[in-house]
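Scroll down for the structure; my scribbles are underneath it.
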Number of protein chains: 2
Amino acid sequence: MKTYFINVIAVAIGGALGAILRFSVDLPLYDTYFPINTIIVNLIGSLILGTLTAIYIIKDTREWIKAGLGVGFCGGFTTMSALANDAFVLIENGDILLFTLYLFISFIGGIGLAVLGYVSLMKWKAGDPS
Amino acid sequence: MKTYFINVIAVAIGGALGAILRFSVDLPLYDTYFPINTIIVNLIGSLILGTLTAIYIIKDTREWIKAGLGVGFCGGFTTMSALANDAFVLIENGDILLFTLYLFISFIGGIGLAVLGYVSLMKWKAGDPS
């Protein structure tokens, strides 16, 4: 029960910080028609979570740190709901090309960067077995 | 400056609550191979944000409430980084069918529910012009 409570606190703090950082990225890009703000947070957040996943395999990490950084920070920093709504606006305006580009960059980019973060760290570790 | 500060506090509280709620959905589904937990939060969060977008058009809403519920709660509740990492695991295991199904449900489902939430509320309002 105590472990669960500590994890929840870590998730709350990580989630709050992630959301504030996302809000900070949103503000200067609020007026851009193409949702570059959502792309930026989703790509960077996916890269960070992929890297963290590799770190947790390489290095034994406490549960509350994993919860705070992964579920909390990365989860709070990235967003699917804004992505869905941004995509809806592009369809509504008939911008099928931008809509397709947006989904392509978000999904392929997000997955690609998660893989990049994970594989890079694993390769780095393989070359440095200290 | 004061407005900005209030918005940041609202985003932080919303982000923390969204992340805790996502963590609560994650826990009982942690061992499922197909990431049904990420699907659930992303679909529900997209539906809520689509509905909120319509509410903000229909009803004049304070900026900090919008920031807290939209950027904070919906952003903190949904996640793109977990989606990217879940998808990576499915590819890594060679589950191309589950990978395709996962992306299809997440994207088409997320966008579809955002549209459903928005359109339903707008139609309800059109039928009730009070």
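Residue-wise test of (1) within 30 Å of A:Thr3 (Cβ to Cβ); (2) at pLDDT below 95; (3) over 14 Å from the mean Cα position of the chain (by Cα); (4) crowded, with 23+ Cβ neighbours inside 10 Å.
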site	(1), (2), (3), (4)
B:Thr32	yes, yes, yes, no
B:Asn42	yes, no, no, yes
B:Leu49	no, no, no, yes
B:Ile65	no, no, yes, no
B:Thr79	yes, no, no, yes
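Does B:Gly75 satisfy the condition of being at pLDDT 95 or above, buried (at least 23 other Cβ atoms within 10 Å of the Cβ) and farther than 21 Å from A:Val8 by Cβ? No. With the condition kept exactly as written, say whether any residue in the range B:45-64 is under 30 Å from A:Tyr118 (Cα atoms) and of a type outside the set (Phe, Trp, Tyr). Yes, that holds for at least one residue. Every residue in the range B:1-15 that is under 13 Å from B:Arg62 (Cβ atoms) and either at pLDDT below 95 or crowded, with 24+ Cβ neighbours inside 10 Å (or both), please. Hits for the range B:1-15 are B:Thr3, B:Ala10. Considering only residues of the range A:90-130 that are part of a helix (DSSP H, G or I) and among the polar types (S, T, N, Q), which is surrounded by the fewest Cβ atoms within 10 Å (Cβ to Cβ)? Out of the qualifying residues, it is A:Thr100.
Flag: A:Leu101 does not match the condition of being touching a Pro at 6+ places or on another chain (Cβ under 9 Å), farther than 27 Å from A:Ala54 by Cα and of a type in the set (A, V, I, L, M, F, W, C).
The values are calculated or read from the model by the stated rules, or taken from the named source; none is laboratory data. These numbers were taken from a predicted model, which means no experiment stands behind them. Neighbour counts are summed over all protein chains in view; Cβ atoms, including those assigned to glycine, are modelled from backbone coordinates with ideal geometry.
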